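**Student:** Following this message is one structure expressed as structure tokens.
The values are calculated or read from the model by the stated rules, or taken from the named source; none is laboratory data. These figures come from a predicted structure and were not determined experimentally. Note that each Cβ is placed from the backbone with ideal geometry, even for glycine, and that neighbours are counted across all protein chains shown.
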Amino acid sequence: MIRPLCSMRLTVHGGAFAALLTLGSAALAAAPGAEPAEFHGVNVARGQQFYTELQCASCHAQRMMGQAAAMYTRSDRKVHNARQLLAFTQMCVTQLNHELFPDEVRDIAAYLNQTYYHFK
């Protein structure tokens, strides 16, 4: 069973967040009109399942005055492309000490992309 955690620590372990943010964009480019390369071969349904089981929405709602979706749709959001979405998803998973494999983190990010961001 995955245990929900809602108090975020202020450290990022192993530089994973910084490493993901600095990945070369040329290697991650997707064909026009296609899904971003970061999300090729993902399982969006599994991403939604993890998002639900980890109680991501309730944690985000606490930070966004009860509106979890506002984390993703606000005008001053910090995520502007698929690479950043994957990096921020990994940061959340790392800070909350959830033990997920990289493909599971990609699944969550792909679910968020399909539901809120719609990056191409």
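**Student:** Mind listing whichever residues of the range 70-90 are surrounded by fewer than 18 Cβ atoms within 10 Å (Cβ to Cβ) and either among the charged types (D, E, K, R) or more than 13 Å from the chain's Cα centre (by Cα) (or both)?
**Tutor:** Correct list: Ala70, Thr73, Arg74, Ser75, Asp76, Arg77, Lys78.
**Student:** For the range 36-74, name all the residues that are modelled with pLDDT of 90 or more and among the polar types (S, T, N, Q).
**Tutor:** Those that are modelled with pLDDT of 90 or more and among the polar types (S, T, N, Q): Asn43, Gln48, Gln49, Thr52, Gln55.
**Student:** When Thr52 is evaluated against the numbered criteria (1) under 25 Å from Lys120 (Cβ atoms); (2) β-branched (Val, Ile, Thr); (3) assigned to a helix (DSSP H, G or I), which criterion, by number, is the only one it fails?
**Tutor:** (1)
**Student:** Looking only at the range 60-114, count every residue that is closer than 20 Å to Val44 by Cβ and either of a type outside the set (Phe, Trp, Tyr) or part of a helix (DSSP H, G or I) (or both) and tell me the total.
**Tutor:** So the count comes out to 34.
**Student:** Among the residues of the range 53-67, is any surrounded by 13 or more Cβ atoms within 10 Å (Cβ to Cβ) and within 11 Å of the chain's Cα centre (by Cα)?
**Tutor:** yes
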